[in-house]
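Laboratory data are not the source of any read-out in this text; all were calculated from the coordinates shown. Everything numeric in this text was worked out from a predicted model, so none of it was measured. Every residue, glycine among them, receives a Cβ derived from its backbone with ideal geometry; neighbour counts consider all protein chains shown.
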Amino acid sequence: MPPASSVSRIPVEERLFSLVLALLATDTGLTKNEILSTVQGYRQKFQHSGDNSNLERQFERDKDDIRDLGVPIETVESPGQAGNNQNLRYRIPRGDYELPSDIAFSPEETTLLNLAAMVWREGSLSGESRRAIIKLRSLGVTTTEPVLGYAPRVRVRDAAFEPLSAALEKHLIVQFAYLKPGEGEPRLRTVAPLALVQHQGRWHLYADEPESGSTKTFLLRRIVSAITTTSKSFPPPAADQSERALAGLEEVWRRHTAVVEVEPGSDAATRLGKRRGTVAAASGALELHYSDANILADELASFGPEVLVLSPPELRDAVRDRLLRTAADHG
Amino acid sequence: MAERAQPQKAQDKLAFLLSLVPYLMDHDRVSVAEAAAHFGVPEEQIRDAVRLISVSGIPGETSSYQHGDLFDISWDDFEENDEIVLTNLVAIDDSPRFSAREAAALIAGLQYLSALPEHADRAAIASLQSKLSRGASAVPSQVAVEASETDDTLRLIREAVEQGVQLKFDYLNSRGEHENRHVDPLRVESVDADWYLRGWCHLREAVRTFRLDRISNPIVTDEPITHGATDVTLPDTLFEGSADDLLVTIDVAAGAEALLVDYVPDGAITTVVDGRVRTTVRVSHYHGLKRLIASMPGVATVVAPPEARAVVAAWAAAGAARYR
């Protein structure tokens, strides 16, 4: 912070806005020195013959904040000065900054996108979806009011989501302790994150594990440590990772079936009967699909005497053990 | 739905400035009120942004922000008529692209909503997703949500709203009782994989929240509604506490508190006892509590009152007895 002087304080957004305008307006690019000495918000603090390292750090942070918004800042080397960092020139290439002119959204599409953004109104993607909507409104399209009001919401409660999505974006290797059911101790995993997907209401990380040479799916709620993001990067994977992750989970879900008997007319009968993929057998028993036996066991245990698991035997045992445990804990 | 005012970070303000300029360029003359309504922001936010834009620009050839290097507006129109007319433009020609994460958030949101009747046209949704990808500054991040699953109920709810009539259905309430309900549908809400209808219930004569997976035999009636979406202010929270709620003390394994966040009332005191978190949950009756606790075996335990412990123990024991 400069000493209180005659210079009135320039708001951060004015400095960022001025930087974007300056970099958009230049074809050849501006050197860091030119930026710091002439652009509004920097020039007021620039020392013509002195140390500007604070201001340089400020400029680095500002560049990150601006790039976060999807504004591309590129660096070009000055002619004949290759390798000289002081003479790197910065610019925003107009074609990569502007929304392509053939992209337009109809009022109906805009309405759908407003709803899609509303899905994220809590948690880690709320800022992104809010900004996306502001950019959408920039196009001036008016929305149609939906016949029926919706308030959809996807929650991101796992603390691991935010650091994982940042690492995903930057293609950085991460480490965390993971507690696999049936294993007494959590194990440290080192993985390259490929996608974050929500399946059956739960968030999963799809990642390459170099140690085992395989691609695995981790349940975020079983990550029991903070996420450590390393500085080691990996090559960007093909663009269809989230589809593969969902397809893999869907395949596991499809392959696993449980047969349960439900008390007619009970909460279990109504809710399990309405689950996607549930088939009622002639006997009245329900055949359910599931992707994780431990999670299904927790869910079935909540129905108490309304549910009796017939198969598979491991699930039957798991539900019985859970009920016995709860009864013992409250006895 | 009313949008709550969010505190704006400098990044949000920058995104707003970069979005407002092209909008103003497309409108030769626009009132502050109209721009505020379009962007869904307070009028003062538009005025502040216009004041900032009007003194902004590029250093220019002289490196000193000469008049012609700055945006300008018609000050008379702005100050006297509250209208915005840009008279000089700098640097910006078009709307900015979406960031990779912004595009990903919208694409994943669209996927999640694919069960809505409005999404019936799958080809249109696919084209919309591809436009978002092309309109992003980088490949959208790999974040996805499984398509939500709902049955025909959503379509019938929509039909009832369109026709302005009541929806009739069998409802299994959380106490396990079956009731026939007549409801004026007001809004459909969701939390992850769970979908809810909020409506004016003619049986209870109040606003109620219904889980879609507890609704059976929905029928669009020909009885007109008495309460429309514009007549009723819906509270923001899906579940509201009532004065009759029961407070229960529970211990929960550290790290698992997040699973209970919907049940913990504001201002609840949380302490750590023997490495477990002790807190209070609010439930309308023990029927819900016993199910909740039985879904967290070894993770959550009721400490008090004793009646609550007994209800949970009996529920779990009855369940276990079926395996003898």
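Quick rundown of the values:
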{"item": "Cα→Cβ-extended label distance, 7 Å offset, between A:Glu263 and B:Leu203, nm", "result": "1.9 nm"}
{"item": "Which of A:Ser266, A:Ser49 has the fewest Cβ neighbours within 10 Å, and the rest in rising order", "result": "A:Ser49, A:Ser266"}
{"item": "Relative contact order computed over the range B:147-277 (Cα-Cα under 8 Å; 6+ residues apart), in percent", "result": "21 percent"}
{"item": "Residue exposure sequence - A:Glu34, A:Glu13 - by fewest surrounding Cβ within 10 Å", "result": "A:Glu34, A:Glu13"}
{"item": "About the Cα centre, charge dipole magnitude for the range A:149-248 (Lys/Arg +1, Asp/Glu -1 at Cβ), debye", "result": "320 debye"}
{"item": "At 1.306 mPa s and 10 °C, Stokes D of the range B:52-144 from Kirkwood alpha-carbon radius, µm² per second", "result": "95 µm²/s"}
{"item": "Prolate/oblate/rounded call for the range A:12-97, Cα gyration tensor, a/c under 1.5 rounded", "result": "oblate"}
{"item": "Angle in degrees between helix A:12-25 and the longest Cα principal axis of chain A, rounded to the nearest 10", "result": "70 degrees"}
{"item": "Total formal charge among the other residues, if their Cβ is under 14 angstrom from that of A:Gln44, Lys/Arg +1 and Asp/Glu -1", "result": "+3"}
{"item": "Cα pair distances exceeding 51 angstrom across the protein assembly as shown, given as percent", "result": "20 percent"}
{"item": "Three-way shape label, the range B:153-224, alpha-carbon gyration tensor, a/c 1.5", "result": "oblate"}
{"item": "Stokes-Einstein translational diffusion, chain B - Kirkwood Rh over all Cα pairs, 1.306 mPa s, 10 °C, in µm²/s", "result": "64 µm²/s"}
{"item": "Tilt relative to chain A, helix A:53-68 - C-alpha long axis, 0 to 90 degrees, to 10", "result": "50 degrees"}
{"item": "Intensity falloff of the range B:10-88 expressed as log10 I(q)/I(0), Debye formula with alpha-carbon point scatterers, at q = 0.14, 0.15, 0.16 Å⁻¹", "result": "-0.45, -0.51, -0.58"}
{"item": "Other protein chain Cβ atoms within 10 Å, averaged over every residue that makes up B:307-314", "result": "3"}
{"item": "Cβ-derived FRET efficiency at R0 22 Å, A:Glu56 paired with A:Val76, nearest 0.05", "result": "0.75"}
{"item": "When the range A:172-270 is reduced to its Cα atoms, the Kirkwood hydrodynamic radius in Å", "result": "15.5 Å"}
{"item": "Quarter of Cα convex hull surface for the range A:256-329, i.e. mean projection, nm²", "result": "4.5 nm²"}
{"item": "Exposure proxy ranking, count of Cβ atoms within 10 Å, fewest first, for A:Leu16, B:Leu154", "result": "B:Leu154, A:Leu16"}
{"item": "Length-normalised contact order of chain B in % [C-alpha pairs under 8 Å, at least 6 apart]", "result": "9 percent"}
{"item": "Length-normalised contact order of chain A in % [C-alpha pairs under 8 Å, at least 6 apart]", "result": "9 percent"}
{"item": "Global geometry of the range B:246-321, whether rounded, prolate or oblate, following the gyration tensor of its Cα atoms and the 1.5 cut on a/c", "result": "prolate"}
{"item": "GNM flexibility winner over chain A from A:Leu315, A:Leu172, A:Leu113 (Cα, springs under 10 Å)", "result": "A:Leu315"}
{"item": "Once exposed loop GluC sites (Glu not before Pro) are cut out (DSSP; at most 16 other Cβ, 10 Å), longest piece of chain B", "result": "B:62-148"}
{"item": "Kirkwood-Stokes translational diffusion coefficient of chain A, alpha-carbon pairs, 25 °C, 0.890 mPa s, µm²/s", "result": "99 µm²/s"}
{"item": "Averaged over A:236-243, number of beta-carbon atoms from partner chains that fall within 10 Å", "result": "3"}
{"item": "The range A:18-41 versus the range B:286-315: alpha-carbon centroid distance in Å", "result": "63 Å"}
{"item": "Computed [θ] at 222 nm, deg cm²/dmol, chain A (DSSP H ≥ 4; -39,500 (n - 2.57); rounded to nearest 500)", "result": "-11500 deg cm²/dmol"}
{"item": "Loop-located GluC sites (Glu not before Pro) in the range A:99-206 whose Cβ has at most 13 other Cβ within 10 Å (DSSP)", "result": "A:Glu122, A:Glu183"}
{"item": "Degrees, to the nearest 10: A:293-302 long Cα axis against longest axis of chain A", "result": "70 degrees"}
